[in-house]
Amino acid sequence: MLETSEIETFDATAVNSARTRQPLYAARKKVFPKRASGQFRRFKWLVMLVTLGIYYVTPWLRWDRGPHAPDQAVLVDLASRRFYFFPIEIWPQEFYFVAGLLCMAGFGLFLVTSVVGRAWCGYTCPQTVWVDLFLVIERAVEGDRNARIKLDGAPWSAGKLFKRITKHAIWLAIAVATGGAWIFYFADAPTLLRDLFTGQAAPVSYFTVAILTATTYVFGGLMREQVCTYMCPWPRIQAAMLDEHSLTVTYNDWRGEPRSRHAKKAAAAGKPVGDCVDCNACVVVCPMGIDIRDGQQLECITCALCIDACNGVMDKLGRERGLISYATLADYNANMALATGDGAHDIRPSLVRDASGRISDAISTFHLGKLFRPRTFIYFGGWALVGVLLIYGLLTRDRLEMNVLHDRNPQYVVLSDGSIRNGYTVKLLNKIPEQRTVTVSLDELPGATMNVVGLDHEESSTITVTLEPDRARSLKVYVRQPREGAKSPGKAQRLVFHVEDKSSLDSADYVTSFESPE
Ligand code: SF4
Ligand code: SF4
């Protein structure tokens with residue numbers, strides 16, 4: 001077990017400290033985050049691997065939909081106006097499914113934020129993930145924090161130039177791969193990759209890759225924490241979703257203060273001494289350049305790397321972990337009240353410890369029961385409701401659809417034999433990837449027969465039509481009714497178009513009207 005004086009201390013101040021922060025824009029001070037290690041860092045590595053893996057690999061996954069549909073598992077097919085997601089195919093008129101997914105994502109984000117604060121920002125936001133990835137490259141090429149600070153301040157030399165060129169070249173390669181992966185979601189990935197390299201891809205493909213390369217390189221490599229601090233609206237919005245029971249990364253000053261680098265001396269002098277040895281380990285690992293001991297700050301993305309750093313220090317000192325921890329405001333306030341005698345005096349760390357010197361059982365800590373509160377129930381309820389509706393909609397949606405448009409000019413024509421004729425445009429949608437033959441029939445209009453332009457058939461009340469796989473077919477249909485068939489001349493009569501696939505039993509009806517003169 002180490003003495004406090006043996007703990008490595010860093011000569012560092014938070015470059016973005018709340019104490020010295022300017023209210024308006026100030027030139028960026030570079031942040032050189034030190035490599036952290038610990039349980040949260042390992043979890044972040046895992047999340048990074050999974051999210052990057054999903055992003056880069058998904059366009060290359062195949063899904064067999066038969067010979068008439070693309071075999072890319074996830075594809076936004078702009079040319080055919082379809083969205084494919086494994087076995088699910090979404091047509092443009094079914095865009096409400098995508099809207100539903102966005103609603104679920106929104107409710108999910110609200111739910112996660114109300115429980116664990118800005119976990120999205122700290123672990124899964126693309127900005128966080130790509131900055132983390134770029135930092136891995138930076139450390140591999142230029143070294144950890146001290147080496148990078150030294151290199152940054154050193155005059156230009158062949159070695160420095162080589163390292164800088166290497167770093168930026170790798171960053172650019174990652175940025176190009178990121179932009180490239182994005183466009184693979186919008187076309188057959190292997191074909192588009194070949195076309196990109198042979199110069200045969202559409203100009204918009206190159207343009208999109210160029211834009212995304214630039215944004216990835218600039219946001220992930222050059223701007224980093226500034227994107228979160230100045231550009232992203234989420235830090236401002238999330239405050240509305242947090243309450244006093246939401247978990248956030250917290251410096252527990254009720255046990256950390258008064259901080260001291262010379263705890264033994266201070267204790268010998270009879271001064272109260274907290275657990276914080278003022279080593280700045282939490283400051284140097286922070287990718288946002290802040291000092292969590294200054295309190296909750298908009299800049300904190302709750303990545304929890306300062307927890308890892310401080311836990312490492314506490315381990316070395318043989319003290320309890322959790323000087324910096326995920327904690328709720330309610331627990332923090334209760335513990336502060338304990339340490340300050342309800343605000344009667346300054347923090348006395350001895351008040352949160354028992355007779356054996358361990359952290360007292362009287363302190364408030366988080367437990368799972370605190371998750372169950374009205375706000376989380378509402379968010380979870382909204383999320384689950386939309387999810388159930390989506391699943392129900394997917395399971396019961398029509399695979400054969402029909403739309404009918406009645407000609408408006410003229411509404412009817414009186415033929416030479418006295419019969420009345422109305423024109424319609426009938427659109428049939430075959431939503432399965434197989435060809436099928438369907439019957440279209442006229443219901444509820446006495447004596448009605450139809451004639452389809454361009455189709456070789458006898459005029460009758462039922463016709464047979466072939467539909468191509470996964471396609472819509474438009475028919476120009478003239479419906480004729482003998483004059484004596486009209487029950488109430490001059491009034492619109494009800495007419496039902498009925499389409500049916502006898503092999504699959506899919507069917508659809510469309511109710512319209514049949515006009516006739518008085
Ligand atoms: S203060 Fe801690 S949790 Fe917040 S951004 Fe910095 S390292 Fe991450
Ligand atoms: S909070 Fe922990 S890591 Fe930060 S300065 Fe104090 S002891 Fe060191």
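The values are calculated or read from the model by the stated rules, or taken from the named source; none is laboratory data. Since this is a predicted model, take the numbers as computed values, not measurements. Note: ideal-geometry Cβ built from the backbone for every residue, glycine included; neighbour counts use all protein chains shown. Accessible surface areas use protein heavy atoms only, side chains included; no ligands, DNA or RNA. Shrake-Rupley method; radii C 1.70, N 1.55, O 1.52, S 1.80 Å.
Observations
- In region 297-316, the residues that are within 16 Å of Ala119 (Cβ to Cβ) reach residues that are small (Gly, Ala, Ser) and within 8 Å of ligand 2 (Cβ to nearest atom) with C-beta atoms within less than 9 angstrom, at least six apart or across chains, in these pairs: Cys306/Ala281.
- Leading residue by the ranking (nearest to Trp60 (Cα to Cα)) among those in region 153-184 that are among the hydroxyl-bearing types (Ser, Thr, Tyr) and surrounded by fewer than 17 Cβ atoms within 10 Å (Cβ to Cβ): Thr166
- Hits in region 276-310 - residues which are of a type in the set (Gly, Ala, Ser) and at positive phi: Gly289, Gly295, Ala304
- Odd one out for Gly274 among (1) at pLDDT 95 or above; (2) within 11 Å of ligand 2 (Cβ to nearest atom); (3) out of contact with any Cys (no Cβ under 9 Å at 6 or more places or on another chain); (4) open to solvent by less than 10 Å² (accessible area, probe 1.4 Å): (1)
- Test: residue in region 233-255 that is β-branched (Val, Ile, Thr) and outside any strand (DSSP E or B): yes
- Residue match in region 330-345 (condition: outside any loop (DSSP other than H, G, I, E, B), farther than 27 Å from Cys300 by Cα and touching a residue at least 60 places away in the same chain (Cβ under 8 Å)): no
- For region 284-303, the condition of being assigned to a loop (DSSP other than H, G, I, E, B), more than 13 Å from ligand 2 (Cβ to nearest atom) and acidic (Asp, Glu) holds for at least one residue.
- Verdict on Trp234 being more than 12 Å from ligand 2 (Cβ to nearest atom), of a type outside the set (Asp, Glu), crowded, with 22+ Cβ neighbours inside 10 Å and farther than 21 Å from Ala27 by Cα: no
- Residues of region 419-457 that turn out to be exposed (fewer than 13 other Cβ atoms within 10 Å of the Cβ), over 52 Å from the mean Cα position of the chain (by Cα) and at pLDDT 90 or above, as a count: 1
- Every residue from region 189-206 that is in a helix (DSSP H, G or I), surrounded by 12 or more Cβ atoms within 10 Å (Cβ to Cβ) and not hydroxyl-bearing (Ser, Thr, Tyr): Ala189, Pro190, Leu192, Leu193, Arg194, Asp195, Leu196
- Flag if Arg375 is among the basic types (Lys, Arg), surrounded by fewer than 19 Cβ atoms within 10 Å (Cβ to Cβ), away from ligand 1 (no atom under 16 Å from the Cβ) and over 36 Å from the mean Cα position of the chain (by Cα): no
- In region 330-366, residue farthest from ligand 1 (Cβ to nearest atom) [restricted to those that are open to solvent by less than 80 Å² (accessible area, probe 1.4 Å) and among the charged types (D, E, K, R)]: Asp354
- Search result, residues across region 293-306 that are touching a Ser or Thr at 6+ places or on another chain (Cβ under 8 Å), more than 18 Å from Met231 (Cα to Cα) and surrounded by fewer than 23 Cβ atoms within 10 Å (Cβ to Cβ): Asp294, Gln296
- First in region 489-515 and open to solvent by 30 Å² or more (accessible area, probe 1.4 Å), second anywhere and aromatic (Phe, Trp, Tyr), Cβ under 9 Å, 6 or more apart: Ala492/Phe514; Arg494/Phe514; His498/Tyr510; Asp509/Phe497; Tyr510/Phe497; Val511/Phe497; Glu515/Tyr412
- Residue in region 300-307 that is in contact with a Phe, Trp or Tyr (Cβ under 7 Å, 6 or more places away or on another chain) and more than 16 Å from ligand 1 (Cβ to nearest atom) present: no
- Of Ala309, Ala327, all but one fail to be buried (at least 24 other Cβ atoms within 10 Å of the Cβ) and within 14 Å of ligand 2 (Cβ to nearest atom); the exception is Ala309.
- Residue check, Ala73 over 30 Å from Asn280 (Cα atoms) and either in contact (Cβ under 8 Å) with a residue 60 or more places away in the chain or surrounded by 13 or more Cβ atoms within 10 Å (Cβ to Cβ) (or both): yes
To keep it simple, each residue is scored yes or no on (1) part of a helix (DSSP H, G or I); (2) at pLDDT 95 or above; (3) farther than 24 Å from Gly289 by Cβ; (4) open to solvent by less than 40 Å² (accessible area, probe 1.4 Å).
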{"position": "Arg42", "(1), (2), (3), (4)": "yes, yes, no, no"}
{"position": "Val50", "(1), (2), (3), (4)": "yes, yes, yes, no"}
{"position": "Val57", "(1), (2), (3), (4)": "yes, yes, yes, no"}
{"position": "Phe97", "(1), (2), (3), (4)": "yes, no, yes, yes"}
{"position": "Ser114", "(1), (2), (3), (4)": "yes, no, yes, yes"}
{"position": "Val131", "(1), (2), (3), (4)": "yes, yes, no, yes"}
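- Ile149 free of Cβ contacts under 8 Å to residues at least 12 places away in the same chain, over 28 Å from the mean Cα position of the chain (by Cα), under 19 Å from Met223 (Cα atoms) and open to solvent by 20 Å² or more (accessible area, probe 1.4 Å): no
- Pair list, Cβ under 6 Å, 6 or more apart: region 272-296 residue more than 12 Å from His262 (Cα to Cα), other residue among the polar types (S, T, N, Q) and more than 7 Å from ligand 2 (Cβ to nearest atom): Gly289/Asn16; Ile290/Asn16; Ile290/Gln297; Asp291/Ser17
- Selection of region 76-87 for residues being closer than 13 Å to Ile432 by Cβ and open to solvent by less than 60 Å² (accessible area, probe 1.4 Å) yields only Arg82.
- Flag: Arg421 does not match the condition of being among the basic types (Lys, Arg), free of Cβ contacts under 8 Å to residues at least 40 places away in the same chain and under 30 Å from Arg494 (Cβ atoms).
- Test: residue in region 257-265 that is modelled with pLDDT under 95, away from ligand 1 (no atom under 16 Å from the Cβ), more than 37 Å from the chain's Cα centre (by Cα) and open to solvent by less than 20 Å² (accessible area, probe 1.4 Å): yes
- Which numbered condition Gly318 fails, given (1) within 16 Å of ligand 2 (Cβ to nearest atom); (2) surrounded by 16 or more Cβ atoms within 10 Å (Cβ to Cβ): (2)
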